[in-house]
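Below: one structure, written as structure tokens.
Every number here is computed from the coordinates shown, using simple stated rules; none is lab data. All values derive from a computational prediction rather than experimental measurement. Glycine gets a Cβ as well: all are built from the backbone with ideal geometry, and neighbour counts include every protein chain shown.
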Amino acid sequence: MFKEPSDGGRMIVLTAPLTEAIDHAGYFIQMAMASLPIWMEGVINRKYPKWRDIEHNEDGSARYMPAGVRLVEKSLQREYRNDDIVACFPDDLPKFIGPRTRVVAVSTHNPLGVTFAAGVYTSIFGSSKMPINSHYSRQLFAQIKASPYRNNFKVIVGGSGGWQIIQTDTYEELSVDCVVEGRSESADTLELFRKAIMGEELPRRVEVKHPLDREAILFPDTRTTFGVVEMTTGCGRRCKFCVPDLNPQIDLPKEKIMEAVRANVRHGNKQISLATEDMFIWGQVHTDTPFYFPNREALVDLYTDIVNTPGVEQHVLSHCTIAPAVVDPLLIKQLSDLLLPKSPIHFPYLSSHPQKKALAPLIGLETGSVRMAKQIMSSKGVPFSIEDWPSVVLEGLRVLNENNWFPAMTLIVGNPGETDEDVMDTIDLVYEMERRGLFAFLIPSIFTPLHDTRMEKEKGVTQTRQLTPLQWQLMMKCWKMNLRPGQYSWWGPMAWRVGSVGMWLYKLRALNGPNFTWPLLMFSGALSEKTLQRMGKIYPGKPLKTKNRRELIASLRPKDWQYLRADNGDMPMDYIPRAATHAMTAV
Ligand code: B12
Ligand code: SF4
């Protein structure tokens, strides 16, 4: 119910979907809400009965908001009075939208659920359009649309999911005036808000420039969802399908990161997570050393100060790449010693840590096919050649697992031009992980052409019914392997068997077509993989012969040897330490 706010409302109201703002239950809840269809909301309600309990400041504004909202707030505070701006949860909009309101700005990560690794799961379960997060995002837009003051204000949307509104042309339906692509710090964003406040017409879509300079990036000085503080922008590995890589490669100043960490703690946050595409480039951007040789001392120093900040009780890793684990295993060990005690993640059946703690960053595996990798991500494994991609994945994962890192690894199924041989190569890699006792949560997603990327115009698989038997086998094998740690109870495997076959009979067989049937039986364990292989219903996979770390290091170009750390061992036979080379030249 809308009731006019006594003060006439705020001039600028900032908000985000409820499901993107909550943080009390950790990262997993939001990822699940991005992937499960709304009819499965009960599963979330049962697991997290208190997920809707949010915290407010005294004036009714939100105690925490996604980092994106906080930066829009900071950007606007450069121009407008604090009293003119508020960041609030969707249910509190009626308290702040009034006759005085000129802009309602929404920040969103994934409003329509059409991105990779999200749409695919809802579509397997039968509704490709309505993941839980999308339901709540739509609810937010409907609420804004229904405001009695709607004619007085403009609705501006930004954030990493804004493109979904552009691509689906849902401006009218969602009552959105303008979508901003890019960062709020930009002068163009401020100009847009000025126009909206003056009641001028706004363009439908505005692309604003990303700051090129690390000093131009703002930091939150209040609490962010999950304690997210930015660490880097951009990446540098240049994968063709990637959006964040289009941003300039910047590592942000340590003092500013630390200030934002302290601000989070001051406002009641106990957890911190540094947002990055690849944590390992921090401290090595635009130095004399290529960014893919991590700066061990700088990273250890940064994370030491973060976890030792009084009040930081939990720390969660976001994204990274896998080659650095092969380049510098000692760095991984030192980070583990530092970060494990504050990790809220526990894997009782995997971790060798006394309290069973683990670290689980998100890493892109994408494909096991070298042919495909060359086409879509030829620098993913640098300094190693992409020809060695399967070896880099297996060796990197070995180092990570030995140090209690059990990453979530994404795979892309249905890349444009993907052949059966490519899928078989990926299945081979997955079987090889299993054979070697390695563990990662494997998250297959269907190729989604993302805007502005070099693959924007390419088309892959669009519906689960189009997946081939091999693509289904890969997806189901990944999920079967993910469930391994959960199957140690006597009832676990039986529950999966009965549950998945029941689900198939009830709904999935019609939705996903005949190619799904045998892979699902494999997943359920109702028939053993050996039996299915003998029956010719699934691909048996073949063992991989790959390079070990020593061989990978030996394969590096000699000019890269100078960046290796001898304390990791495995140095190339012909390597002469730098000091020695200098001494020889001097002689
Ligand atoms: C932390 C993070 C998460 C966390 C926490 C998210 C949260 N609610 O705080 C978790 C793990 C939960 C998460 C989940 C998911 N994420 Co995420 N996540 C990130 C990450 C690493 C950082 C996000 C962040 O806070 N950045 C810092 C802030 C400051 O940046 P920002 O939000 O973009 O805001 C800037 C601008 O966008 C702009 N802006 C933001 N809002 C607004 C509003 C207005 C009006 C204006 C003008 C401007 C503006 O200004 C800000 C800077 O000044 C990014 C990668 C990245 N580097 O951005 C991926 C990323 C955003 N996530 C991504 C994906 C795919 C997902 C998931 C779908 C994954 C999954 N399958 O589960 C889910 C979706 C969750 C959901 N609710 O639906 C993709 C986005 C793809 C897309 N949308 O097209 C990214 C880019 C990762 C990637 N490499 O591809 N994520
Ligand atoms: S490694 Fe990850 S972040 Fe970097 S370009 Fe590739 S996909 Fe993007």
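The DSSP beta bridges internal to the stretch 218-321 are antiparallel in roughly 25% of cases.
Students often get this wrong, so check it: of LYS195/LYS270; LYS50/LYS254; LYS254/LYS342; LYS47/LYS240; LYS477/LYS547; LYS357/LYS477, which have C-alpha atoms separated by over 30 Å?
On the way: LYS195/LYS270 39 Å; LYS50/LYS254 35 Å; LYS254/LYS342 20 Å; LYS47/LYS240 37 Å; LYS477/LYS547 24 Å; LYS357/LYS477 26 Å.
Table pairs above 30 Å Cα-Cα are LYS195/LYS270; LYS50/LYS254; LYS47/LYS240.
Centroid-to-centroid, using Cα positions, the stretch 397-415 and the stretch 219-251 are 20 Å apart.
Bridge orientation summary for the chain: considering DSSP beta bridges with both residues in this region, about 10 percent are antiparallel. Once backbone amide H atoms are built at 1.01 Å from N, LYS154 has VAL103, VAL104 as its partners under 5 Å, excluding neighbours fewer than 5 places away on the same chain.
Assuming charge only on the beta carbon of Lys and Arg (+1) and of Asp and Glu (-1), the dipole of the stretch 146-252 about its Cα centre is about 180 debye to the nearest 20. Computed from point charges on the beta carbon alone (+1 for Lys and Arg, -1 for Asp and Glu), the dipole magnitude for the chain about its Cα centre is near 1660 Debye.
Each peptide in 547-560, 293-306, 132-145 was scored by the mean count of other Cβ atoms within 10 Å over its residues; highest first, the order is 132-145, 293-306, 547-560.
Rounded to the nearest 5, what is the percent of antiparallel bridges among the DSSP beta bridges in the stretch 1-110? Don't jump to the answer; show the numbers that get you there.
On the way: 1 of 8 bridges.
Around 10 percent antiparallel, to the nearest 5.
Put in line by how crowded their Cβ is, counting other Cβ atoms within 10 Å and starting with the fewest, LYS357, LYS47 read LYS47, LYS357.
Each label point was placed 7 Å from the Cα along the Cα-to-Cβ direction; for ARG436 and VAL243 their separation is 3.3 nm. By the Cβ distance rule (another cysteine Cβ under 4.7 Å), the unpaired cysteines of the chain are CYS88, CYS178, CYS235, CYS320, CYS478.
Points 7 angstrom from Cα along the Cβ direction at ALA187 and LEU527: gap in nanometres? Using points 7 Å along Cα→Cβ, the separation is 6.7 nm. Panel order for SER391, SER175, by other beta carbons found within 10 Å of each beta carbon, from fewest to most: SER175, SER391. Among HIS315, HIS286, sorting on how many other beta-carbon atoms sit within 10 Å of each Cβ, with the fewest leading, yields HIS286, HIS315. The HN-Hα couplings worked out from phi for the stretch 305-321 by the Karplus form 6.51 cos²θ - 1.76 cosθ + 1.60 (θ = phi - 60°) are 5, 5, 5, 8, 5, x, x, 7, 9, 9, 9, 10, 7, 9, 10, 7, 10 Hz, whole numbers, x standing for Gly and Pro. Start at zero, step by 10 Å, and the Cα-Cα distances of the chain spread as 3, 16, 26, 27, 18, 8, 2, 0, 0 percent across the bins. Hey, got a sec? Which GluC sites (Glu not before Pro) in the stretch 187-224 land in a DSSP loop and have at most 16 other Cβ atoms within 10 Å? The qualifying sites are GLU200, GLU201.
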